[in-house]
Structures are given as C-alpha cells and as structure tokens.
1. Provide a single number: the residues in segment 67-103 that are surrounded by fewer than 17 Cβ atoms within 10 Å (Cβ to Cβ), β-branched (Val, Ile, Thr) and either in contact with a strand residue (DSSP E or B) (Cβ under 9 Å, 6 or more places away or on another chain) or modelled with pLDDT under 95 (or both).
2. Which one of the conditions (1) open to solvent by 80 Å² or more (accessible area, probe 1.4 Å); (2) within 18 Å of the chain's Cα centre (by Cα) does LEU214 fail to meet, given that it meets all the rest?
3. Being outside any helix (DSSP H, G or I), open to solvent by less than 80 Å² (accessible area, probe 1.4 Å) and of a type outside the set (D, E, K, R) is the requirement here; does VAL138 meet it?
4. Which of the numbered conditions does TRP239 fail, given that it passes all the others? Conditions: (1) open to solvent by 40 Å² or more (accessible area, probe 1.4 Å); (2) at pLDDT 95 or above; (3) in contact with a Leu (Cβ under 7 Å, 6 or more places away or on another chain); (4) not hydroxyl-bearing (Ser, Thr, Tyr).
5. Can you name every residue in segment 179-231 that is among the basic types (Lys, Arg) and touching a residue at least 60 places away in the same chain (Cβ under 8 Å)?
6. What about PRO184, is it under 16 Å from the mean Cα position of the chain (by Cα) and modelled with pLDDT of 95 or more?
7. Filtering segment 77-98 down to residues that are in a loop (DSSP other than H, G, I, E, B), closer than 15 Å to VAL138 by Cα and touching a residue at least 12 places away in the same chain (Cβ under 8 Å), which residue is nearest to the chain's Cα centre (by Cα)?
8. So which of ILE171, ILE144, ILE120 is assigned to a strand (DSSP E or B) and open to solvent by less than 50 Å² (accessible area, probe 1.4 Å)?
Amino acid sequence: MMKLLIRADDLGYSQGVNRGIKECIEAGLVKSAGLMPNMETALQGYDMVKDLNACIGQHTNLCLGTPCCDSSLIPSMVDEEGKLLSSRVYRNAQANGEDFVVLEEAIREIDAQYIEFRRITGKDPDYFEAHAIASPTVSKALAIVAERNHLPFSDMVPMRKEGFFCNKPIIQCDMESMKKDYDPFETLKKAISNGNEILPNIFVTHPGYVDSFLLSTSSLTYNREKEVKMLCSKEVKQWLNSQNIQLISYNDIR
C-alpha cells in the first residue's frame with residue numbers, strides 16, 4: 001500500500017489562505033499543515049485548525065513580512081525597511097551561485113520563529129522545515145536549530161526528489177502549482193503513478209482563497225483555489241481509495 005502525505009503549506013499567510021487550509025483539513029485529505037509563525041494572521045490560522053485532525057508544523061518563513069527577532073540583528077536577511085527579503089532575491093542569488101545569508105543570523109531568526117510558534121500553539125511543532133527558500137546556509141541553520149531543540153526536522157530541498165524526515169528517507173513529489181495550466185488532480189495522479197511503493201511520498205500543496213494581501217505579495221494566487229477544490233473533492237477521495245493509497249501525517253513517519 002503506497003503511503004501518501006498531503007501537506008498544506010502557508011497557514012497564517014492571510015485570512016483567505018487560513019480559510020482554505022481549514023476546509024481542506026476538514027475534508028480529510030490534508031493531515032499536516034505548516035504554520036508561518038511571523039505572519040500577522042498566524043494566531044488566527046492556528047485557532048481555526050487547532051482542534052482538527054492534523055499535525056501542525058513550523059513552516060519557517062524567512063522571505064515574507066516582518067522577522068520575529070530584531071531586524072538589526074539579521075542585516076543579511078532584511079531590506080532597508082527591516083522586512084525579510086523576498087523569495088525572488090533568494091532565487092536570483094541561487095541562479096548566480098550565491099548564498100548571501102549569514103549562518104548566525106539565520107539561526108537567530110529561526111530560533112525566534114520557533115519561540116513564536118510555541119507562544120502561539122503552546123507546544124513544539126509536529127514537524128520543522130522552511131518556506132520557499134533554496135539556500136545551503138538556511139538549510140544548515142534549520143538543522144542546527146532542530147538538533148538543539150530536539151525537533152522533528154524535515155530536510156527537503158526544492159527541486160530534489162529525495163529527502164529525510166527525522167533522518168528517515170522520504171520522497172518529494174513533483175510540484176506544478178506555478179504552471180498557468182495547473183491541474184491539481186492530474187498532478188496528484190502523476191505523483192501516484194511515479195510514487196514510491198516503500199517510502200512515504202510527500203505531496204506539497206498551498207491551498208487557500210485569494211484575498212488582497214495574497215494578490216499583493218505572492219505569485220501563487222488562483223492556483224491555490226484550484227487546490228482547495230481538489231482537496232475538498234469527494235471524487236478525489238474516492239479515487240485515492242480505489243488506488244489503495246494510505247493517507248498519513250508526519251506523526252505516522254516519526
């Protein structure tokens with residue numbers, strides 16, 4: 001029986017995203033959701049899902065909004081207004097073979113977000129990883145903070161198929177949500193077709209409803225609503241059952 005973990009990222013991003021993730025968890029296919037601790041609607045998002053059947057992880061956010069620690073302590077990671085540098089800045093640096101992040105600064109902000117996560121939720125995250133960044137320094141900093149605090153670290157690097165969770169091998173399914181003609185159900189079918197029969201397969205989604213904040217800050221907008229529709233679909237649930245798929249959460253891997 002193939003094991004499939006459908007993860008919803010970006011809880012706390014905005015009110016529309018929070019609502020979409022809540023609906024997807026309630027529908028039963030999403031059993032793991034990542035909270036962005038530094039965002040203004042993080043507490044609202046957690047309150048909406050805390051009593052539902054889902055693991056809540058720390059979706060460490062280093063590329064949007066205001067940092068949790070004093071911005072003057074992380075100069076390599078913020079702009080002139082003290083806001084976190086965008087994911088585009090990270091992508092451009094990666095394309096040029098650069099990594100501008102200072103390790104001690106990344107550790108400082110990741111630690112601050114971990115403290116904020118605990119303040120919001122009253123507990124440790126069920127899994128621990130990062131949002132939308134490909135930076136060797138950030139990956140190293142995440143691993144350091146996870147080890148120091150005995151956190152369940154999910155080491156999945158963008159564009160790499162193999163990863164680890166709590167040092168156990170996992171498979172990262174292809175993500176196509178940035179494509180204009182994105183069809184979430186067809187992408188899910190492709191993931192199952194190419195999936196691993198032994199290792200857990202991680203299918204990352206970003207469900208949510210479009211609101212003004214999302215439109216002004218993200219390049220991933222209306223495809224989020226497509227994912228809400230797919231993840232709340234009875235047809236999709238029935239198809240997964242017909243394929244003998246075992247839906248799991250991060251707690252089932254630990």
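1. Looking only at that region, the number is 1.
2. (1)
3. Numbers: outside any helix (DSSP H, G or I): no; open to solvent by less than 80 Å² (accessible area, probe 1.4 Å): yes; of a type outside the set (D, E, K, R): yes.
In short, no.
4. Result: TRP239 fails condition (3) only.
5. If we filter segment 179-231 for residues that are among the basic types (Lys, Arg), which is where we start, we get 179-180, 189-190, 224, 226, 229.
Residue satisfying the conditions is ARG224 alone.
6. Details: under 16 Å from the mean Cα position of the chain (by Cα): no; modelled with pLDDT of 95 or more: yes.
No: the conditions fail for PRO184.
7. Once the filter is applied, the top-ranked residue is SER86.
8. Result of the check over ILE171, ILE144, ILE120: ILE171.
The values are calculated or read from the model by the stated rules, or taken from the named source; none is laboratory data. This one's a predicted model, so the numbers in the text were calculated from it and none came from an experiment. Here the Cβ is made from the backbone with ideal geometry for all residues, glycine too, and neighbour counts use every protein chain on show. Ligands, DNA and RNA are excluded from the accessible area calculation, which covers all protein heavy atoms including side chains. Shrake-Rupley method; radii C 1.70, N 1.55, O 1.52, S 1.80 Å.
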